Structure formats: C-alpha cells, structure tokens
Amino acid sequence: MAKVKGAIVVDTEVCKGCEVCMPVCADNVISMSKDVNRKGYHYAFMENPEACTGCTNCAIVCPDRAITVYRVKVSA
Amino acid sequence: MSELKLMKGNEALAEAAIRAGVDAYFGYPITPQTELIEYLMSQKTEERTGMVCLQAESEIAAINMVYGAASTGKKVFTSSSSPGVSLKQEGISYIAGAELPAVIVNVVRGGPGLGTIQPSQADYFQSVKGGGHGDYKLYVLAPSSVQEMSDFVEDAFDIAFKYNAPVLILSDGLIGQMMEKVELKPQQKRRTDAEVIAQCGSWATTGKTKDRERNIITSLDLQSEKMEARVHRLLKKYEQMEKEDLRFEKINCDDAEYLIVAYGSSARIAQKAVEIARSKGVKVGLLRPITLFPFPKKQLFDLADQVKGILSVELNAGQMVEDVKLSTEFKVPVEHFGRTGGIIHTPEEILEALEQKIINNGSIRHHKTRESSIL
Amino acid sequence: MEVLDIIKPENQVFCKTKLMTNAALSYCPGCGHGTAHNLTMEVIDEMGIAEDTIGVAPVGCSVLAYDFMNIDMTQAAHGRAPAVATAIARTWPEKYVFTYQGDGDLAAIGTAETIHACNRGENIVIIFVNNGIYGMTGGQMAPTTLPGMKSTTSPFGRDVKTMGSPIKMTELVAQLPGTYYVTRQSVHTHKNVRKAKKAIKKAFENIKLKKGISFVEIVSNCNSGWKMTPNDANKWMEDNMFPYYPLGDIKVNGKLK
C-alpha cells in the first residue's frame, strides 16, 4: 500500500514551547529544542523527522498554530 | 404632512422615534417612563417600519443592547428613569469611550435610592458631570414640553451621528406624563442595511467585506498613549459641541434686573413667576438652557454684568446653581431654590425665594435700596 | 525522502487559517483560548461566512480576541456580551453573530444576560471557555472553580459551605426552551479538538435554521492560574474538571439528550 511521508514546519518565533503537541504525536517526532527563540521559549522541532506521517495531530492542538503540516504519498 | 395630536410626553417621544426612522429600542419598565415602552410595543413597530423593540431583562442589559446595535451603525435608543439610568452608567461610559452614536432618555424621578415616582431634576449632576467613569461628557437635551419631547428625538440622533457620541434626553416625570398637543413630523424612511453600511461602514461592525480591514469597536486601550489620544478625541468633540451645538432660550432678558435660570419643567413654572413679577414692576428675566451640556456659560457671564442677582430654580437640592456660579465667575449673587422629594414648586414659591435670597439678600450684600415687594 | 522535498507547498495539509491575524496571541503558553480561537475561525473560514460574521468579545483573557480574529468584532462590557449580541442579531437578522466568553464573564457577572439571551432563544452562538478561574486578573476564584480548588481568592481551597458549589451553566441553560444546541467540549487533545470543531461548526450552521441559541462550552486549562505546566494542567483537567463538567452533547435539535 502506498506509504505516506510527513513533515512539519514550526514557526520557531511563534512557538511558546508549551509542549502540548508532544503527547498527541503517536510517533514521538517532536521535542523541544535546546536553544530558545527571541522570547526565550524552547521551541518545538522534529527530533525524529523520519517518523512523521503528517497526521496533523500536533498542529490542531497547537494553541498558537505554530505548526504547518505537509504530507506526500511515496511509492512503497 | 405633519399631524397634530394630544399625547403624553413619553408617548410623543416614542412616536417621534418611530417616525424618525429609528432602527431599534431596548428598554425596561420603570415609572414614570413606562408609557414609552408600552406605546412602542402597542405600535407593532416591526410591522410599521421594521423597527426592533425589545424589553430587556434589566436596564444594564438594555444599555448594552444599545451598545451592540450602535456598534453596527444602527439608530438605537433606550429610556429609563433615575434608578434605571444609574444602572446604565457603565454602558453609557462604554458608548462614549467606544465613540458610538446612541440616544438615552431619562425621565427623572425623585431620589436618591428608590426615592419617589414623582418628578425631579436631581439627576443634573449625573447627566452633565458624567455619571459613569472616565473623562467623557454627554450632550444633554432638556425638553420642557411634549412638543420638545417629540422634536428632540431627531435632534438627539443628529448630534449622536454627527459626533459618534451618546446623547441624553433629560426629561422628568412631569413632562413625561402630562398631555399636550404635539405636532408630529411625517414618517421618515428607515435606512436600508446598504445605506447603513454606506453611512457607517468605515467604522461599524457590519461584517468585514473583502474591500476593507476588519472594524473593531472597543473602548479599551491598554497603551496609555493610545488611551490619551482617545480621550483627546473625545475632548475635541465636546469643544466642537460647545462651539456649534449650544441651545438655550432667553425670555424677557433684555431689560432684566434679576435673572432666573431654569430648564425643563422648572422653566415653565419660572416663566409664570417672571410674568407675575413683571406685572408688579420687577424686571425679571428667564434664561432656559435647552442643552445642559453644552451649558450657556458665555450668556450667563454677560448677563451677570446686567443683573443684580440670579436664582437657579431646579427641582433638586441645588446642582445647576454651581454651573451658574462658575459661569458668572461670582460677579453677582447666585442662589438656588427648588422643592425636592417630588414636590413641584409653585410660581409664588419661586418669587418668595427670589425676594428673600436675591432681592433683599442682594441689597444687604450690595448695599442697594430695598426694592418694592413682589408678593 | 528528504524533509525539504516533503515540505513543498503542494504537499501542505494543514496551516493557520487566514481568519486569524498575525498578531502573537497574548495567551499563556498552552492555553486553550488559542486553540478555541483558531477552531472558531477555521469553522467560519470553511463555511465561507466571514463577511457576514460579527463577533462579540468579553472582558477577561479573551478581551483582546479582536486582535486575533480577523473579522468585525465588538468588545462588550464584562458579562454583557449576550445582550450586545442580541441587539446585533436582531438588527441584522441575516448575520452570523457569536459571543466568545470566559467563565467569570458568562457565569458570574453575566449570569442574567446569559440566562435571558438563552431564554429568548436569540439566533446567536455562545462560545463559553470554562477554565474554572479568573485568568486575566491573575487567578481568582470563579463561579466554576471546583470545590477545594485553590485560587488567589480561595487560597485554602473553595469552601462550598461559604462560597457555594461550582455553577453548571451549560446544564442550566439546556433547561431553557430557547436553547437549540447545547454541548460541552474540550480542546486539549487531537480527538477532543476534532469533536470541538464539529460542535462549533454545527452551532454556526444552526444560525441558518433560526431555531434558538447554540451554546458551546469548552472546558480548558489555565496554566498560570492553576500553577501547572500545560500538559500537567490538561491531565489535572481530565482528572478533576471533566468529572464535574462531563463532556458531550447535552441538547441537540432542541431536545435534551
């Protein structure tokens, strides 16, 4: 069956490092970065980009809509 | 063509509002103004002109409904009486701060507290000094007849939309409930929604169309510089009102040696007192402020050079008298007379007060010869 | 496949709605207000009704909703949004009018306006974010604060004997014939967000039917007020708020469930 690959782009200046996106990611893609944005928040990033399926769970719980999600079908 | 009718003040105002193409009314029962909402409800205004009339759950809800409809550019008003108008003060302050056009009617009754249902003019301070919080004022029209109750509705809306500001019609139980003949203007067509958007679409919340940015109605400015700019915008309006929209009436003032200042129902009674005094050779004049803000300050300042004393006649314990004193800059004795508790003073009582407080008292303080008695 | 190949515009499946402005949300990190704002605007965007939608903002944390929602909005005095919305809906019967309020605004000072707007069955949507505390003013007890729950004005925990028990406004208004759709949702997990969005969409679609008010409560966290991290707060919410404020539809198409 066609496999799906996903990826997210986090607006690191909008992200407030609240971590609400983490528990909803079934594949533990997201972690908080070590460095901080201009407001001093550790922002989210894809620690395991390979695992992302583009399911949008993280994006729809993000209060600040800092996450944009991409998804593409890949041949097996 | 206009129509001649015999109506109560409250009803004349309601009918005039329908004819002025008003879009909505939100009110609540309270004596002595309930005839206004009763009349509106009896007129099936939705069918007559499409005008929305709704009895709210409280005066607070009613004034906030006015705020809501006004924020969309609709012509909207409310009415109440003293205790109810106290409840509306926060809403009125919001309407002033958010710069919205709206009309509020106060048919004053005796206070404070639950007070009495009889007429009074004890809400003068609340009306002209800003009853709510913050630096704002109301443009205040004071009708003294059923005709003016009718005419002032359209005048009030003209001012409200000229300045995007709340306007108060300050009546009282006497003017509100007495019947007089009134000439009613012909029915004006109510603006269509498109006309409202054409007139007010630059600021009103009518739905953000693609051709413009969103409109926001708020009185909140957390940044002090913005809040100060907003206050200065309001102050400029009030200066313009004072320059362009002051209204008053002078009766027998040209040769007056004594002056009575009175508005609304007191002005009618004072007019009789002037007649009696003149019939006895004492030259008394009457200055009737029609707008309480703006106040006829300059006119009083000038008259103070001409008269020996001024009596401020108000159905309260003495409120407008302070503004009369300030206007005359204390060049001449200014005293107050007025029954309270809902009792209506008589022309004779006014003359007695004029004599005791001004004519005699005036002569002692200003070493003048004793005038002939006017009683 | 490299990430750079995936994140091409044509592969985009989710992004922020254009009905939210670019202003940074003033809400604390992880606060449900942000999510509720976005869901509301996403619904309005998808329904294509932005040009005919007028919002009413309350006093409270979401007083600044008009800085974030890219539609015409009027800010109402504390508690009075349902009255403001009533007048807008009555003078503009074809518009989509909604209020967005917190628990202090709707269930304390605005109780009368809430009850009577619902009782009149005004053709509006009420979005009621219940986080059991006054957030904007720094964490005071609200009508929806749980028994024993601490706040700056119930520092030893809310005492039901002296301050009564939390008010279930949603169940209360559901008893009024004027309410057509009454539901309680939350926005802290992807499942709840999807349900909440469906509920908000149903509420706005009900406006076309003109059959009464749609009342959507969103139980949310208040991280600063509860003094917890966002995820801890969401866990605490599940364990403490949901038992008292059970999620789900309470009234659908005018009939109690």
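Each helix, a run of at least 4 DSSP H residues, gives -39500 (n - 2.57); summed and divided by the residues of chain A, these come to -1500 deg cm²/dmol at 222 nm.
Run the helix sum for chain C: -39,500 (n - 2.57) per DSSP H stretch of 4+ residues, divided by residue count, reported at 222 nm to the nearest 500 deg cm²/dmol.
Values: 10 runs with 86 residues, N = 257.
Computed mean residue ellipticity for chain C: -9500 deg cm²/dmol.
Net charge of the neighbourhood of A:ASP11, taken over other residues with C-beta under 14 Å away and scored Lys/Arg +1, Asp/Glu -1, is +3.
Quick one: work out the % antiparallel among DSSP beta bridges in region B:3-198, nearest 5. Mind dumping the intermediate values first?
Values: 7 of 27 bridges.
Antiparallel bridges make up about 25 percent of those DSSP assigns within region B:3-198.
Distances between every pair of Cα atoms in chain B, grouped in 10 Å steps from 0 to the bin holding the largest one, split as 5, 24, 31, 23, 12, 4, 1, 0 percent.
One chain, two ends: B:THR346 and B:LEU114. Fully extended at 0.36 nm per residue, the span grows by 81.0 nm beyond their Cα-Cα distance.
Just to be sure I understand: with springs between alpha-carbon atoms less than 10 Å apart, which residue in C:ILE167, C:ILE49, C:ILE71 has the highest mean-square fluctuation in the Gaussian network model of chain C? Of C:ILE167, C:ILE49, C:ILE71, the Gaussian network model singles out C:ILE49 as fluctuating most. Quotient of the Cα radius of gyration of region B:133-216 and 2.2 N^0.38 Å, N being its number of residues: 1.44. In straight-distance terms, cross-link reach from B:LYS237 covers every one of the aspartates and glutamates whose alpha-carbon lies under 16 Å from its own, apart from those fewer than eight places away in the same chain; here that gives B:GLU99, B:ASP135, B:ASP158, B:GLU228, B:ASP245. In a Gaussian network model over chain B where Cα atoms closer than 10 Å are linked, find which of B:GLU59, B:GLU99, B:GLU242 has the largest mean-square fluctuation. Result: B:GLU242 has the largest fluctuation of those listed. For region B:308-359, the normalised intensity computed at q = 0.14, 0.27 Å⁻¹ comes to -0.33, -1.03 (log10 of I(q)/I(0), Debye sum over alpha carbons, equal scatterers, no solvent).
Determine the equivalent ellipsoid of the protein assembly as shown by diagonalising the alpha-carbon gyration tensor, then write out the semi-axes as square roots of 5 times the eigenvalues, largest first, rounded to whole Å. It would help to have the intermediate numbers written out before the result.
Working: eigenvalues 710, 121, 104 Å².
For the protein assembly as shown, the semi-axes come out at 60, 25, 23 Å.
Averaged over the residues of peptide C:108-121, the number of Cβ atoms from other protein chains lying within 10 Å of each residue's Cβ is 2.
Here the calculated FRET efficiency for C:ARG194 and B:GLU244, from their Cβ-Cβ distance with R0 = 60 Å, stands at 0.55, rounded to the nearest 0.05. Only the Cβ atoms of Lys and Arg (+1) and of Asp and Glu (-1) were treated as charged; on that basis the dipole of region B:248-372 about its Cα centre amounts to roughly 100 debye. Extending 7 Å from the Cα toward the beta-carbon at both B:PHE161 and B:SER279 defines two label points whose distance is 4.6 nm.
Between A:SER31 and B:THR192, the FRET efficiency from the beta-carbon distance, with R0 = 60 Å, is close to 0.55. Each of C:TYR100, A:TYR41 has its accessible area taken with a 1.4 Å probe; listed largest first, they run A:TYR41, C:TYR100. Shielding of peptide C:51-62 by partners, expressed as the average count of other chain Cβ atoms within 10 Å per residue Cβ, is 3.
If you build the convex hull over the alpha carbons only and average its shadow over all orientations, what do you get for region C:28-118? Give it in nm² to one decimal.
Working: hull surface 23.0 nm².
Average of the hull's projected areas for region C:28-118 equals 5.7 nm².
Determine which aspartates and glutamates satisfy two conditions relative to C:LYS195: a Cα distance under 12 Å, and not lying fewer than 8 residues away in the same chain. In chain and number order, the partners are C:ASP249. Quick check: from the Cα gyration tensor, does region C:29-256 come out rounded (a/c under 1.5), prolate or oblate? Prolate, because a/c is 1.5 or more and a/b exceeds b/c. Only DSSP H runs of four or more residues enter the estimate; each adds -39500 (n - 2.57), and after division by the residues of chain B the mean residue ellipticity at 222 nm equals -12000 deg cm²/dmol.
For A:LYS73, a cut-off of 21 angstrom between C-alpha atoms picks up these lysines, skipping any fewer than 8 places away in its own chain: A:LYS3, A:LYS5, C:LYS8.
Between C:THR229 and C:GLU171, the FRET efficiency from the beta-carbon distance, with R0 = 30 Å, is close to 0.50. For region B:248-372, a Kirkwood hydrodynamic radius built from all Cα pairs, placed in the Stokes-Einstein relation at 20 °C and 1.002 mPa s, yields a translational diffusion coefficient of 153 µm²/s.
Across all C-alpha atoms in region B:82-183, the radius of gyration and Dmax reach 13.4, 40 Å. Annotation: extensible slack from B:HIS232 through B:ASP255 equals 4.2 nm (criterion: 0.36 nm per residue apart, minus Cα-Cα distance).
Applying a 10 Å radius around every beta-carbon, put B:287-299, C:232-244, C:147-159 in order of their mean neighbour count, most first.
Numbers: B:287-299: 21.3, C:232-244: 17.0, C:147-159: 15.3.
Result, highest mean Cβ count within 10 Å first: B:287-299, C:232-244, C:147-159.
Please compare each pair in A:LYS39/C:LYS16; B:LYS88/C:LYS255; B:LYS74/B:LYS298; B:LYS44/C:LYS95 to a cut-off of 25 Å on the Cα-Cα distance and tell me which ones are over it. Before the final figure, lay out each step's value.
Working: A:LYS39/C:LYS16 21 Å; B:LYS88/C:LYS255 36 Å; B:LYS74/B:LYS298 35 Å; B:LYS44/C:LYS95 23 Å.
Result: B:LYS88/C:LYS255; B:LYS74/B:LYS298 exceed 25 Å.
GNM on chain B, alpha-carbon springs under 10 angstrom: the most fluctuating residue among B:GLN356, B:GLN187, B:GLN306 is B:GLN356. Global size of region B:1-135: 14.6, 44 Å for Rg and Dmax (C-alpha atoms, Rg to one decimal, Dmax whole).
Relative contact order (percent) for region B:160-228, with alpha-carbon contacts under 8 angstrom and 6 or more residues of separation?
Numbers: 20 pairs, mean separation 9.6, N = 69.
Answer for region B:160-228 is 14 percent.
In this rough spin-label picture, where each label sits 7 Å from Cα along the Cβ direction, the B:SER224-B:ARG48 distance is 5.1 nm. Distance from the Cα centroid of region B:255-274 to that of region C:139-200 is 60 Å (rounded to whole angstrom).
Each peptide in B:213-225, B:111-123 was scored by the mean count of other Cβ atoms within 10 Å over its residues; highest first, the order is B:111-123, B:213-225.
Averaged over its residues, how many other protein chain Cβ atoms are within 10 Å of peptide B:278-288's Cβ atoms?
On the way: counts 0, 0, 0, 0, 0, 0, 0, 0, 0, 0, 0.
Rounded to a whole number, the mean comes out at 0.
Short-range pairs are left out: with C-alpha atoms under 8 Å and at least six residues apart, the relative contact order of chain B is 17 percent.
Among residues other than B:LYS210 whose Cβ falls under 14 Å from its Cβ, what is the net charge (Lys/Arg +1, Asp/Glu -1)? If you can, show how the numbers build up before the last one.
Working: positive: B:LYS208, B:ARG212, B:ARG214, C:LYS18; negative: B:ASP211, B:GLU213, C:ASP45, C:GLU51, C:ASP52, C:ASP72.
Every neighbour counted, the sum reads -2.
The values are calculated or read from the model by the stated rules, or taken from the named source; none is laboratory data. The structure displayed is predicted, hence computed values, not measured ones. Ideal geometry is used to build each Cβ from the backbone, glycine not excepted, and the neighbour counts take in all protein chains shown. Heads up: the accessible areas ignore ligands, DNA and RNA and are worked out on the full protein's heavy atoms, side chains in. Shrake-Rupley method; radii C 1.70, N 1.55, O 1.52, S 1.80 Å.
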